[in-house]
Structure formats: C-alpha cells, structure tokens
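J.: Below are the structure tokens for one structure; questions will follow.
The values are calculated or read from the model by the stated rules, or taken from the named source; none is laboratory data. No experiment lies behind these values; they were computed from the predicted model shown. Positions of Cβ are generated from backbone atoms using ideal geometry, with glycine treated the same way; all protein chains shown enter the neighbour counts. SASA here: full protein model, heavy atoms, side chains in, ligands and nucleic acids out. Shrake-Rupley method; radii C 1.70, N 1.55, O 1.52, S 1.80 Å.
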Amino acid sequence: MPINHPNLHLTQLAGAIPAWSGKIKPDDLQPICRNVHDGGGRLVALWGSDDREQGNGYALHIALVNEAGLICLSVPLPAGQPAYPDISSIFPVANRMQRAAYDLLGIYAHEGRDHRKWLRHGAWHGGSFPLRKDFDPAPSRTDDADSYPFVQVEGQGVHEIAVGPVHAGTIEPGHFRFSVVGEKMLRLEERFGYTHKGIEKRFESMSLQQGEKLAGRVSGDSTVAYAWAYAMAAESIAAVTPPDRALWLRALFLERERIANHLGDLGYLGNDVALSFGFTQFWILKEQVLRNNGALFGHRYLMDSIIPGGVAADLAEPGKRTLFEECSLLEREVRVLRGIYEEHAGVQDRFIGAGRIEPRLAAQLGLCGLAGRASSQAWDTRVQFPCAPYDQLDVQMATYRNGDVAARVIVRFDELFESLRLQREILARLMPGGQLSLPLEKLPALGFGAGMVEGWRGEVLVAIHTDKDGNLARVHPHDPSWQNWPALEHAIMGNIVPDFPLINKSFNLSYSGQDL
Amino acid sequence: MYQLIKQIIKTGIKTDAAPLPDETLRVTAQRLHEEILHVFGSALNIRHVDAGSCNGCELEIHALSNAYYNIEGLGIKFVASPRHADMLLVTGPVSRHMVTALRRTFDATPEPRLVVAIGECACNGGIFCTNDGSPDGGGESYASCGRVANVIPVDVVVGGCPPTPTAILQGILTAVSAQK
C-alpha cells in the first residue's frame, strides 16, 4: 500500500500509471497528509465536487504523490456545513487551491489562515458558487469592481509598482504587485483569475469527446499534455488500454511539444537579456518544428491529435524521414547556440544567481516540473511512474541544484537534447501499420479516474468523475503552475525590478491553466 | 563573438513573402479615410490584449515576430502601451474578469483605432461558451462574455484555433487596407 494508515482503505485504479483512490473522514485528512509529507510526498491537486444529486453532500478531493504513485483521496462533506480541516499548514501550496475551491464550490477549510478570494473577482456574488449543480448564472451576476486586500509593505522609501492585468508584451493577463525600495524588490504579490472562463463548469455539459477538445485548450502551450492526461483518466475509468501505436505516437507528440516550448523559451531568455540573436535563432528552429507538425499531423501545436482510446493523427514512413532530419538539424544547431549562450559573458552575468530558489525552499513549497528539477526536486512522471511507452525508453531526468535562472536554462537545454534522443528512439521503434484507436464512446457510471502526464512545464493532472448515466459529472484539470507561481514570489526577493521579466520567463508559467 | 557572427551569416534570410489582404475577413465598414490609411500604410503599431485566451493564439502572435514572418520588416510593431497603438489585437473569449481591462485599453487607444479579433474564441466565444443560438453566435457563460464584439467594436475577425501566423498577418493587412 502506498500509505499506511489504520483508517485508510485504498483501491488501485486501472490504467497507465500506478494510482489509488479511497475515501476518508475529515478528521483523518491532516494525519494522512502529514504522513505523506513526512515520507517525502507532495500535494499535486485539490478540488471539490457537488455530490448532492447522488444523495450525498459535497466532497473534497486531493491528489497526493509519493514514491509509490498517485493517491486520490475523497473527503465527503455535509451539505449544511461543507468544511474540512486546513491542509495548507502541511502543504503551503494548498492555500490558493483551497481558496479557489471555496470561490467555485463553497467548501472551505476551517482554521485556514488566508480566506481571501482567489479566482473570483466581480463576475459573480460571493455567496453563489458556479460549480454547484443548482447554480443560476443570471441572478448571481454582478458588475462589481474587484477589490482585493494586498499585503502592504511599510517602511522608509518603500513604494508599490502595480503591473497588469494587461502587460507590456504578448503575455497572458495577471496582476503583479511589487513592493520595492529603489530598484530592489522586497516583495511580490500575485493576483490571478483574470482569464477565468468557466472551463470546469463547461466540461459538465460536454460529451466525452467534446471534453477532450476542451482539455486540449486549458493551456494552449500544453495541449498534448492535457489531452493525454484527460484520455488517460477516461481510459482508467473504462479500463481500456489504447493500441500500442497510439501510445508511441502520444509520446512522440508530447516530446515534440516539449521541444517546441523549450526552443521558444530559450529564445526568449536570450531576448530578455538583450541578446535578440537568441530569439531569432531559436525561433527559426521552433518554427521548423511547428511547420513539420502542421505538415505531418495537421496542426502546428498538435491540438486534437489525441482522442479517448487512441490518437487521431498518424505518421507515415516519409514523415519519419522528415523528423529524423529535423532531429539532426536541431541537435547540430542547438549545440552551437548553447555554446554561444555559455560563452557570452553578458548573458551569463544576467542568468547566474538571478531568481534563486534553494532546494530546501523548493521542497517546502512543493516546486515541481522543470523549475523544481532546477532546484534539486527530482520528480519527473516519465521517470518515476513511466506509463507505456516510457517504460521502454529509460528517460534520463535532468536535475540541477543551483535553482537560479541559469539552472533553469541548463535544465531546458538538457531536456531538449533528451527529448530529441527520445524522438529518435520512438521513430526507430514505431513500426508501420497497427491500429490508431479503440472505440471509447461512453464511460461507466459513477466512475473516477485520474491521468497524470509530465508536460514540458511539469506534471499535468486531469481527474474525471462520472455521474449515474456515465456522463462527465466533474472534470478537474490541474496545471503545475499552481505549484510554481507561489515560488516565483520567493524567487524575486532581493532581485532588481529589471530582472523580473527574466526570472518570470525562466519559469514561464501558465495563467489560463491556473485560472481555469 | 566569432561563433555568433558565423551563425548569423550561416542562417541567412528566412523571411517568407507576406500574404495579400483578404476582403472576406472584413466585418464592418472601414471607418478610415484615405489619408489615414496613407499614414498607417507605412507603419503600424499594435497592442496585443489577451482577454481570456488559452495562450494558443499568443503562441502564434509570438511566431509572427520570428524570422519567417518578419513582421517588423513590414513596418508593423508591437508596442507596450495602448497609447502608442493604432490597432488592438484581441484574443480569447472575453472573460468577465477582463472586461474592465479590455475597455480601458480600448479607451486609452487614440482614434482612429482598429480592432482585430484573433482566434475562434474572439470571433464567437469558441469552445468555452455555450452558443446562445443567435445567427452569428457570440455565446456567453457565467464567466465569459463570449466574442470580443460583445465588449468593444471589432473591425476584422480572424478565425482558427489558433489561426496561423499567415492568417493573423492577413487579418492585420485586411484591416489597414482600404475597402475598394
């Protein structure tokens, strides 16, 4: 069993990754979380559901991960007073997720230290909750301006800089409140929720197939990761395994997504330290990857290439040759560019030491994904819980311990080369012919499944609950940005204001993925 | 430095030819006079506003700046403030939380100003909104106002999920060229 606790009875879920689910009482929540935390585990996601139609109240759901796998726990809560014990004192990252769960569903953590709203601004009343099944949008609407009590920093010469939601570049909307003394940043407070467009509610009126398309648009830069995680969750509920060819193609798509995003970020990181040469060069390479995607798979970002039960795009033999050539080109060019970045004194001067997160702090904050790996947090779903075909690929995890911008750049370079190696390996093993998908029209009733995929940014989780007719009752997509945004507030401390764009870019977190 | 210069020379020029304007993309009568077009014709400043997109359209707007599309070579530049802009490029179904910011950005853009709605969601609310059944869509939800035209006047729409950089460029060029 992945966790030992007398009141915990876990059932193993079918599917691609080792995962368990179980029900616990509110009183057992903190001891079990403490147990997982002390054993080196982390909180991946937290969400709630309205189960009143099944004759219950509400439920809190958490997804934990430890060395054994993914553990999804449900805590039934009474409809009259849907409260649960706060877990943000054990996992600090739970803070925003708990607040979001209140904004959307009205379930709350008692003893929680921070009860400010998170995803809600002024679009609906504080007393109405969109994810409740009886939510009525018209009377809940308000046009109130958002007022949010930011933490004030006082002292001689301290002033605030307010940035956003509309930023100076082509960036998603969010608000950053800096407290500064001269050029030095003392504190950053983030305010998000601007792109909240009701994704979770939207899932509930969709079929399994429509939901796949929506999952692929939670965060456009991670469309493959989300689509795969969603399909994995559905396949777990239905206990079906897609054909081999589909799994190999999914891994190919996921690595191509990683390659494209890492190329783009490496270009922008050069640009942000005034080496526009880096942007020009890396974006030529990225454009070539995107054009190959468009020509071979019909979409530059591979949207809608994954469907429940398999894939919707195939690769023929001539296409393989194109991709082998692409691999050679990228390996050659990126090696030259890496050399140029590493020898460029101006670039290294800006990268090294900027936006540092020490490994100890990273562990405390539950930092994940590539930013986590740059601060010694050695978690990579492809390595720890390799689903097919990663179980045959022996993925090499890139980790580094400096935790600064330079470390996040190095991890990107390493992962880029590793993804190119994986792409070669996948292409070599992808035999012609074979089925692309199995029919998966509808899910069994009252099922639960979870899928977790290592996207380029970090672990993407999608959880699906079905109702008594097998329809989507609740879908929760979770972005690794929930984990890493709070860490950015720490990373910038003591740095100067002009380094913020660089530090922010080195994380490159999603707004849409966390605003939902 | 030697490596860097060698790489630049080796890379050469990658820029593709720009697409022609497409009259079918125009949705409102052009409000611009010949002389203003003359001014815009030689240089255009764009302010991008993400009003709630999934970041897919942003990826393609970024790609417009790469060497293949070379948007600056056409005299088109992305600027940091709406006060410097001739055109707003708006993406996303407009989330209710972005309405104020979008309106303020629009108000801060000096007249005459153009608005190009980029992507399926900006055109009709896209996958995030339940369609309200009206002939041209524009669906809304508790969290979203749907298409951009529900919030600010739009001159040209460019569909696609996301539209390719060429389609975006075509939309921009359509907005600035006079309707014959």
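J.: Cβ-Cβ distance below 7 Å, separation of 6 or more or different chains: which pairs start in the stretch B:51-67 with a residue that is buried (at least 24 other Cβ atoms within 10 Å of the Cβ) and end on one that is assigned to a loop (DSSP other than H, G, I, E, B) and charged (D, E, K, R)?
T.: Note: pairs meeting the criteria are B:52/A:197; B:54/A:217; B:55/A:172; B:56/A:217; B:58/A:172.
J.: Restricting to the stretch A:252-271, what's the tally of residues that are open to solvent by 10 Å² or more (accessible area, probe 1.4 Å) and away from chain B (no Cβ under 13 Å)?
T.: The qualifying residues number 0.
J.: Can I ask one more? For residue B:145, all conditions in the list (1) farther than 22 Å from residue A:212 by Cα; (2) in contact with a strand residue (DSSP E or B) (Cβ under 9 Å, 6 or more places away or on another chain); (3) touching a residue at least 60 places away in the same chain (Cβ under 8 Å) hold save one; what is the number of the exception?
T.: (3)
J.: May I pose another question? Hey, among the residues in the stretch A:131-156 that are farther than 30 Å from residue A:473 by Cβ and surrounded by 13 or more Cβ atoms within 10 Å (Cβ to Cβ), which one's nearest to the other protein chains (Cβ to nearest Cβ)?
T.: Keep residues of the stretch A:131-156 that are farther than 30 Å from residue A:473 by Cβ, which gives A:143-156.
Restricting the remaining residues to those that are surrounded by 13 or more Cβ atoms within 10 Å (Cβ to Cβ) gives A:146, A:148, A:150, A:153.
Details: A:146: 7, A:148: 12, A:150: 17, A:153: 25 Å.
For the stretch A:131-156, the residue satisfying everything is A:146.
J.: When you look at residue A:435, is it in contact with a Cys (Cβ under 7 Å, 6 or more places away or on another chain) and not aliphatic (A, V, I, L, M), yes or no? So that I can check it myself, show each step before the final result.
T.: On the way: in contact with a Cys (Cβ under 7 Å, 6 or more places away or on another chain): no; not aliphatic (A, V, I, L, M): yes.
Criteria not met by residue A:435.
J.: Quick check, is residue B:119 surrounded by 24 or more Cβ atoms within 10 Å (Cβ to Cβ), out of contact with any strand residue (DSSP E or B) (no Cβ under 8 Å at 6 or more places or on another chain), within 11 Å of chain A (Cβ to nearest Cβ) and not acidic (Asp, Glu)?
T.: No: the conditions fail for residue B:119.
J.: Looking at the stretch A:178-202, which of its residues are outside any loop (DSSP other than H, G, I, E, B) and facing another protein chain (nearest Cβ under 9 Å)?
T.: Pass one, the stretch A:178-202, residues outside any loop (DSSP other than H, G, I, E, B): A:178-181, A:184-191, A:199-202.
A:199, A:201, A:202, listed by residue number.
J.: Would you mind stating whether residue A:151 is in contact (Cβ under 8 Å) with a residue 60 or more places away in the chain, on the phi < 0 side of the Ramachandran plot and among the β-branched types (Val, Ile, Thr)?
T.: Considered against the rule, which asks whether it is in contact (Cβ under 8 Å) with a residue 60 or more places away in the chain, on the phi < 0 side of the Ramachandran plot and among the β-branched types (Val, Ile, Thr), residue A:151 comes out as no.
J.: Just one of the numbered conditions (1) under 27 Å from the mean Cα position of the chain (by Cα); (2) farther than 27 Å from residue A:91 by Cα; (3) exposed (fewer than 15 other Cβ atoms within 10 Å of the Cβ); (4) not hydrophobic (A, V, I, L, M, F, W, C) is not true of residue A:165; which one?
T.: The one condition residue A:165 does not meet is (3).
J.: Can you give me the number of residues within the stretch A:42-72 that are out of contact with any helix residue (DSSP H, G or I) (no Cβ under 9 Å at 6 or more places or on another chain), of a type outside the set (A, V, I, L, M) and either open to solvent by 30 Å² or more (accessible area, probe 1.4 Å) or assigned to a loop (DSSP other than H, G, I, E, B) (or both)?
T.: 7
J.: Going by the structure shown, is residue B:160 modelled with pLDDT of 90 or more, surrounded by fewer than 21 Cβ atoms within 10 Å (Cβ to Cβ) and within 11 Å of another protein chain (Cβ to nearest Cβ)?
T.: Against the criterion (modelled with pLDDT of 90 or more, surrounded by fewer than 21 Cβ atoms within 10 Å (Cβ to Cβ) and within 11 Å of another protein chain (Cβ to nearest Cβ)), residue B:160 qualifies.
J.: Follow-up. State the number of residues belonging to the stretch A:127-145 that are out of contact with any Lys or Arg (no Cβ under 7 Å at 6 or more places or on another chain) and under 23 Å from residue A:195 (Cβ atoms).
T.: Adding up the residues that qualify gives 12.
J.: Here's a follow-up. Within the set of pairs 6 or more residues apart or between chains, which connect a residue that is away from chain B (no Cβ under 11 Å) and charged (D, E, K, R) inside the stretch A:501-516 to a residue that is open to solvent by 10 Å² or more (accessible area, probe 1.4 Å) and outside any helix (DSSP H, G or I) with Cβ atoms less than 9 Å apart?
T.: Going by the 9 Å Cβ cut-off, the qualifying pairs are A:505/A:272.
J.: Step by step: first the residues of the stretch A:1-41, then only those that are in contact (Cβ under 8 Å) with a residue 60 or more places away in the chain and in a strand (DSSP E or B), then the one that is most open to solvent (accessible area, probe 1.4 Å). Which residue is that?
T.: Ranking the candidates gives A:21 first.
J.: Taking residue A:448 as the residue in question, decide whether it is of a type in the set (Phe, Trp, Tyr), in contact with a Ser or Thr (Cβ under 7 Å, 6 or more places away or on another chain) and more than 14 Å from every other protein chain (Cβ to nearest Cβ).
T.: Yes.
J.: Among the residues of the stretch A:90-133, count how many are aliphatic (A, V, I, L, M) and within 20 Å of the chain's Cα centre (by Cα).
T.: Looking only at that region, the number is 7.
J.: Something else now. Looking at A:121, A:175, A:159, A:167, which is the one that is within 9 Å of chain B (Cβ to nearest Cβ) and modelled with pLDDT of 90 or more?
T.: A:121
J.: So, of the residues in the stretch B:37-76 that are at pLDDT below 90 and under 13 Å from the mean Cα position of the chain (by Cα), which turns out to be farthest from the other protein chains (Cβ to nearest Cβ)?
T.: Among them, the one singled out is B:44.
J.: Do we find that residue B:115 is at pLDDT 85 or above, farther than 14 Å from residue A:165 by Cβ and not in a helix (DSSP H, G or I) in this structure?
T.: Details: at pLDDT 85 or above: yes; farther than 14 Å from residue A:165 by Cβ: yes; not in a helix (DSSP H, G or I): yes.
Considered against the rule, which asks whether it is at pLDDT 85 or above, farther than 14 Å from residue A:165 by Cβ and not in a helix (DSSP H, G or I), residue B:115 comes out as yes.
J.: Also, I was wondering about something else. Tell me, which helices (runs of 4 or more DSSP H) lie completely within the stretch A:342-389 with 1 or more residues that are within 17 Å of residue A:64 (Cα to Cα)?
T.: Because the criterion is at least 1 residues that are within 17 Å of residue A:64 (Cα to Cα), the helices (runs of 4 or more DSSP H) in the stretch A:342-389 that meet it are A:359-365, A:369-373, A:381-384.
Per-residue answers, yes or no, for (1) closer than 19 Å to residue A:332 by Cβ; (2) modelled with pLDDT under 95; (3) touching a helix residue (DSSP H, G or I) at 6+ places or on another chain (Cβ under 8 Å); (4) away from chain B (no Cβ under 11 Å):
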residue	(1), (2), (3), (4)
A:222	no, no, yes, no
A:226	no, no, yes, no
A:248	no, no, yes, yes
A:276	no, yes, yes, no
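J.: Could you tell me whether the stretch A:76-96 includes any residue that is surrounded by 23 or more Cβ atoms within 10 Å (Cβ to Cβ) and within 14 Å of chain B (Cβ to nearest Cβ)?
T.: no
J.: Right, residue A:301: assigned to a loop (DSSP other than H, G, I, E, B), crowded, with 20+ Cβ neighbours inside 10 Å and touching a helix residue (DSSP H, G or I) at 6+ places or on another chain (Cβ under 8 Å) or not?
T.: Yes: the conditions hold for residue A:301.
J.: Further question: Identify all residues within the stretch A:203-220 that are assigned to a loop (DSSP other than H, G, I, E, B) and either open to solvent by less than 10 Å² (accessible area, probe 1.4 Å) or more than 24 Å from residue A:509 (Cβ to Cβ) (or both); write none if there are none.
T.: Once the filter is applied, which keeps residues that are assigned to a loop (DSSP other than H, G, I, E, B) and either open to solvent by less than 10 Å² (accessible area, probe 1.4 Å) or more than 24 Å from residue A:509 (Cβ to Cβ) (or both), the stretch A:203-220 yields A:204, A:205, A:206, A:207, A:216, A:218, A:219.
J.: Which fully enclosed strands (runs of 3 or more DSSP E) of the stretch A:417-516 have 1 or more residues being buried (at least 20 other Cβ atoms within 10 Å of the Cβ) and basic (Lys, Arg)?
T.: A:472-478
Residues are listed down the side, and each one gets a yes or a no for (1) among the hydrophobic types (A, V, I, L, M, F, W, C); (2) over 19 Å from residue A:216 (Cβ atoms):
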residue	(1), (2)
A:426	yes, yes
A:451	no, no
A:464	yes, no
A:483	no, yes
A:497	yes, yes
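J.: Considering each residue of the stretch A:222-280, count those that are in contact (Cβ under 8 Å) with a residue 60 or more places away in the chain, part of a helix (DSSP H, G or I) and among the β-branched types (Val, Ile, Thr), and give that number.
T.: Selection size over the stretch A:222-280: 4.
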